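The values are calculated or read from the model by the stated rules, or taken from the named source; none is laboratory data. In this text the structure is predicted, and so the values were computed from the model without any measurement. Methodologically, a virtual Cβ is constructed for each residue, glycine included, from the backbone with ideal geometry; neighbour enumeration extends over all protein chains shown. Surface accessibility is based on the protein's heavy atoms, side chains included, excluding ligands, DNA and RNA. Shrake-Rupley method; radii C 1.70, N 1.55, O 1.52, S 1.80 Å.
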Amino acid sequence: TIVGGIIKYYSYYLVPYIVAENPGLNSKEAVTLSRHMMKGHKWECFVFELSFIGWELLGLLTMGILDIFYTNPYKIAAFSEYYAGLRMTGKEKNLPYA
């Protein structure tokens, strides 16, 4: 179902960040940790992603030039900080590998 797919997308949203920080983790552990860290934060992440819609539209108007030089680095930095905040929350909850 479409709604279930969107929910799972946000459940697994942190997997690339987790694997980059813990390369020794297997895929099952990374997915499980992502699910635990995103519990209660899926809507927050969705709204955070929506806040970049203006930048995406500007990127379309400039045929991707703005995306290359500004939007993509800005989004990567913003979501890295978002991950760092969720990791700190995970450490407070004593999640393994957080």
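Overview of results
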item	result
Every residue from the range 58-83 that is hydrophobic (A, V, I, L, M, F, W, C) and open to solvent by 30 Å² or more (accessible area, probe 1.4 Å)	Leu58, Leu60, Leu61, Met63, Ile65, Leu66, Ile68, Phe69, Ile76, Ala77
Residues of the range 22-51 classified as under 19 Å from Asn94 (Cα atoms), in contact with a helix residue (DSSP H, G or I) (Cβ under 8 Å, 6 or more places away or on another chain) and part of a helix (DSSP H, G or I), total	8
Residues of the range 16-39 satisfying the condition of being free of Cβ contacts under 8 Å to residues at least 40 places away in the same chain and either in contact with a Cys (Cβ under 9 Å, 6 or more places away or on another chain) or of a type in the set (S, T, N, Q) (or both)	Asn26, Ser27, Thr32, Ser34
Boolean, Met88 is surrounded by fewer than 13 Cβ atoms within 10 Å (Cβ to Cβ), modelled with pLDDT under 95 and not in a loop (DSSP other than H, G, I, E, B)	yes
Looking only at the range 5-45, and only at residues there that are open to solvent by 70 Å² or more (accessible area, probe 1.4 Å) and farther than 18 Å from Ala98 by Cβ, the one that is nearest to the chain's Cα centre (by Cα)	Tyr9
Unique residue being outside any helix (DSSP H, G or I) and either touching a residue at least 60 places away in the same chain (Cβ under 8 Å) or aromatic (Phe, Trp, Tyr) (or both) when the list is Tyr13, Tyr9	Tyr13
Checklist (1) modelled with pLDDT of 95 or more; (2) in contact with a Phe, Trp or Tyr (Cβ under 8 Å, 6 or more places away or on another chain) applied to Glu44, failing item	(2)
